[in-house]
Amino acid sequence: MEKDNTVYITTPIYYVNDVPHIGHAYTTVAADVLARYWRLRGHEVFFLTGLDEHGQKVQQAAAKAGIDPQVHCDKLAPQFEDLWKKLNISNDAFIRTTDPQHKSVVRRYLQQLYDKNLIYKDSYTGWYCTFDERFWTEKDVENGVCPDCKRPVEKLSEHNYFFKMGQYQDRLIEYIKAYPDFIRPESRRNEVLGFLQNQKLSDLSISRPISRLSWGIELPFDRDYVTYVWFDALVNYVSALEYLPRENPVGERFWPANVHLVGKDILTTHAVYWSTMLMALNLPLPGTIFAHGWWTVDGEKMSKSRDNVVDPNTMVDKFGVDAFRYFLLREVPFGQDGDFSQAAMITRVNSDLANGLGNLLSRTLTLIERTQANQIPAPELMGPLEQELRGAAVTLLNETLPHYFERLEFNRALESIWHVVQLANQYVDKTAPWTLAKTDRDAAQLRTVLYTMAETLRCLSLATYPVIPQSAQSLCSQLGLSADFANPLLKDKVEWGGLKPGTAIHKGQSLFPRIENKPGAKPVTESSVPSQQTPATPTPTAPQTLSATPQITIDEFAKIQLKTAKVLSAERVPKSEKLIKLHVSVGTEQRQIVAGIGKKYEPDALVGKTIVIVANLKPAKLMGIESQGMVLAAGDADVRGLLTVLEEVDPGTKVK
Ligand code: MSP
């Protein structure tokens, strides 16, 4: 991904008249994480995002509102610009395809291709879909509707200009084969290759008659036509470099882009149209075109008609900017489809952020505040536990993270960071500093433990910065560090010991308040008392309490798979009075479930019992132990009794 010292990262330019949603936020946050990572590594980054402002839909919407299309665009653009500020997006420039400089580059390129005889005029008849702004062939269209949006299509015959895309077919196939990282992930690369190898690549219509569409860039060689939106839009990636980088004329040093991030639906336009356009223009191709997956919402396709469009603004207001950024990249491997639900989001915030990183910081600072007069103590005897944590933190920064960030495997990067968070919390549990604090005899050991905790947190601030920049900054400030993340802090290998003993800490607000799992509930403030790590919410035995109990449909209920399970073995989770680890048989499979029933039951009393579990709950970790389901129990905060069945039934029997 490296090209001298420059790194150029792009997002798609979004249609200006779309309402920004989770899909837009997803790509842009991912691009931001890469940009921040590469800046920390000391590279000169140009991170571009922007808006696609021409085309029929904008023209129609402006006409409907009775205003000039440019005025319409100017009114809508801030929706995106404001959202990017709110999401802490560090883009270096924001391109709009109505910028005069962009338009003139598009015209220049069109003229170049026309002069090289790579553009010709021809007549074309086909089925036209106004909504998708594209023609379909006879075989694509069934029952007179668009195969994509299912809206009626009309037969149109018109003269248009065509780009000789077809002639680049073999060259493109060879290129994709020669550069395995050119299209990622691999499954998408294979799709594109399959498409190119199995059918003849046709030429691309790159104009629209001005009589049908006026809101576009006029062709330089025929004023009766405007440029097809995709030709106009794709050129943004190079036109931007001519006029947007602050220090011109450095722009061209950034081309080719290191990575174009796109959604899977617009991969063909990038991998095929854009690549062949670049070949025709004699420009190098981008390093990687990475197609990410799509989000569904609560298991359903996201759409306006379903009224389930996820507004990133609302998510930030509700959960905080970093929690939302973290969730987007942690929940789903980049490249695969994923499902968004507020319940999943709350689980992540509470288990990973509040109980994991937030708790580690609050335990560390409270102990330093109470036992070291607010100053980072000096370490003394680095024992094997300290060495282990130090090794894990340093390897994370110097080896593991570069590997995953550079491969765009964000979820793996985050998993590996949270592995260190978990190790650190386990280290605290094992060394029990609150016990060490009780006698002067252990004072040296206590200082070492507290230093190790604080220094691990310093390393974690560097590791988490690209994804949760605001929290990483707060973490540093609370540790008393004046870390300036505008500096290339990861340029050189990170060494253990950056935190100087004697530094005064500034304990502040908790990094990630736990969220009560009530619909519409605002984040609550976490108590700052150091605690043993508390189980993730929702706790296995404490079903959510609903403020105003909403009704659900039978279909919604049917999504919850309840089953009987037979307890094969049970043991207490060390250092927890509440948690019991169960091995249960669910008929054809066995599961491990961690349940908060330890105050009510002794493990032995459970073996052989048939209980009821939620079988399709996403696995979660409780005190570092994976729980593959949840047991049902009566009671709220306190467990009153486990659910079982009156008659003996086989394990794995459905409960409804
Ligand atoms: N204007 C074009 C891109 C031109 S790039 C030269 C465009 N704009 S868009 O506003 O429709 O962009 C949509 C982006 O959001 C695409 O990358 C698309 O994949 C993404 N998503 C739209 N819905 C999505 C989900 N439900 N989930 C994830 N991303 C989704 O296309």
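The values are calculated or read from the model by the stated rules, or taken from the named source; none is laboratory data. Note that the structure is a prediction, hence the values are computed from the model and not measured. Cβ: placed from backbone, ideal geometry, glycine included. Neighbour counts: every protein chain shown. The area values use the complete protein model at the heavy-atom level, side chains included, leaving out ligands, DNA and RNA. Shrake-Rupley method; radii C 1.70, N 1.55, O 1.52, S 1.80 Å.
Descriptive notes on the structure:
- Amide H contacts of Lys609 (H built 1.01 Å from N, under 5 Å, at least 5 apart or other chain): Val567
- Share, in percent, of DSSP beta bridges within the chain that are antiparallel, nearest 5: 70
- Among the trypsin sites (Lys or Arg not before Pro) found in region 197-273, those both in a DSSP coil and sparsely packed, with 15 or fewer other Cβ atoms within 10 Å of their Cβ, are Lys200, Arg212, Arg246.
- The simple Förster model, with R0 at 25 Å and r as the Cβ-Cβ distance, assigns Lys618 and Thr314 a FRET efficiency of 0.65.
- Overall form of region 422-518 per C-alpha gyration tensor (a/c, 1.5; a/b vs b/c): oblate
- Residues Thr644, Thr588, Thr371, sorted by accessible area with the largest first, give Thr588, Thr644, Thr371 [1.4 Å probe; ligands and nucleic acids excluded].
- Label point at Leu385 placed 7 Å out along Cα→Cβ; residues across region 563-598 whose backbone nitrogen lies under 16 Å: 574-576
- Surface composition of region 330-478: carbon and sulfur atoms hold 48% of the protein heavy-atom accessible area at a 1.4 Å probe.
- Residue-wise HN-Hα coupling along region 566-582, computed from phi with Karplus coefficients 6.51, -1.76, 1.60 (Hz; x: Gly, Pro): 9, 6, 8, 8, 8, 8, 6, 7, x, 6, 9, 8, 9, 8, 10, 9, 10
- Pairs with C-alpha atoms separated by more than 23 Å, drawn from the list Lys575/Lys621; Lys430/Lys581; Lys264/Lys621, are Lys264/Lys621.
- On Cα atoms only, tilt of 359-371 relative to the major axis of the chain in degrees: 50
- Descending semi-axes in Å of region 330-478, equivalent ellipsoid built from Cα gyration tensor: 30, 16, 13
- Listed peptides 322-328, 57-63 appear in the order 322-328, 57-63 once ranked by packing, highest mean of other Cβ atoms within 10 Å at the front.
- Compared with the dominant principal axis of the Cα atoms in the chain, helix 443-464 is inclined by about 10°.
- Seen from Leu642, the other residues with C-beta closer than 11 Å to its C-beta sum to a net charge of +3, counting Lys and Arg as +1 and Asp and Glu as -1.
- A probe of 1.4 angstrom, applied to the heavy atoms of all protein chains, finds Val145 with accessible area near 50 square angstrom.
- Sparsely packed trypsin sites (Lys or Arg not before Pro) within region 444-517, loop by DSSP, other Cβ within 10 Å at most 15: Lys491, Lys493
- The separation of region 393-410 from region 241-310, counted between C-alpha centres, amounts to 24 Å.
- Spacing of the modelled spin labels on Ser157 and Asn487, each 7 Å from Cα toward Cβ, amounts to 7.2 nm.
- Region 63-164: GluC sites (Glu not before Pro) falling in loop per DSSP and having at most 11 other Cβ within 10 Å: Glu138
- Every Cα-Cα pair of region 1-160 was included, and the share exceeding 20 Å stands at 66 percent.
- Pairwise label distance in nanometres, Val649 with Thr268, each label 7 Å out on the Cα-Cβ vector: 4.8
- Measuring spread by the Cα atoms of region 348-428 yields a radius of gyration and Dmax of 14.5, 44 Å.
- With each label modelled as a point 7 angstrom along the Cα→C-beta vector, the Ser104-Trp434 pair spans 6.8 nm.
- 3J(HN,Hα) along region 103-116, derived from phi through the Karplus expression 6.51 cos²θ - 1.76 cosθ + 1.60 where θ = phi - 60°, amounts to 4, 6, 5, 4, 5, 5, 5, 4, 4, 4, 5, 5, 5, 8 Hz, with x in place of Gly and Pro.
- Whole-number percent relative contact order across region 6-292, with pairs defined as alpha carbons under 8 Å at least 6 apart: 22
- When you work out D = kT/(6 pi eta Rh) for region 554-655 at 20 °C and 1.002 mPa s, using the Kirkwood radius from C-alpha pairs as Rh and the Stokes-Einstein form, the result is 156 µm²/s.
- Straight-distance candidates among the lysines for linking to Lys86, with alpha-carbon spacing under 16 Å and chain neighbours fewer than 8 residues away dropped: Lys318.
- Scaling the Cα radius of gyration of the chain by the globular reference 2.2 N^0.38 Å produces a ratio of 1.10.
- Mean separation of Cα contacts under 8 Å (6+ apart) over length of the chain, as relative contact order %: 12
- Residue-normalised accessible area of the chain, given per residue in Å² at a 1.4 Å probe: 44
- Heavy-atom accessible area with a 1.4 Å probe sorts Met302, Met453, largest first, into Met302, Met453.
- Taken one residue at a time, the phi angles of region 72-86 give Karplus couplings (6.51, -1.76, 1.60, θ = phi - 60°) of 4, 4, 4, 6, 8, 3, x, 4, 7, 4, 5, 5, 5, 5, 5 Hz. Gly and Pro are set to x.
- Across the accessible surface of region 554-655, with the other protein chains kept in place and a 1.4 Å probe, carbon and sulfur atoms take up 52 percent.
- Within the accessible area of region 179-316 (1.4 Å probe), percent carbon and sulfur: 47
- With a 1.4 Å probe rolled over the protein heavy atoms of all chains, the accessible area of Ile554, Ile417 falls in the order Ile554, Ile417, largest first.
- Near the amide H of Thr288, within less than 5 Å, lie the amide hydrogens of Val259, His260, all on another chain or at least 5 residues away, with H placed in the peptide plane.
- Antiparallel beta bridges, as assigned by DSSP with both residues in region 6-292, represent about 50 percent of the total such bridges.
- For Val297, the residues whose modelled amide H falls within less than 5 Å of its own, excluding neighbours fewer than 5 places apart on the same chain, are Met302, Phe340.
- Residue among Leu48, Ile597, Gly126 farthest towards the positive dipole end of the chain, charges placed on Cβ: Ile597
- Sorting the segments 613-625, 12-24, 345-357 by their residues' average number of neighbouring beta-carbon atoms within 10 angstrom, most packed first, yields 345-357, 12-24, 613-625.
- 0 to 90° range, to nearest 10: angle between helix 321-331 axis and the chain longest Cα axis: 90
- Computed [θ] at 222 nm, deg cm²/dmol, the chain (DSSP H ≥ 4; -39,500 (n - 2.57); rounded to nearest 500): -10500 deg cm²/dmol
- Quotient of C-alpha Rg and 2.2 N^0.38 Å, computed over region 6-292: 0.98
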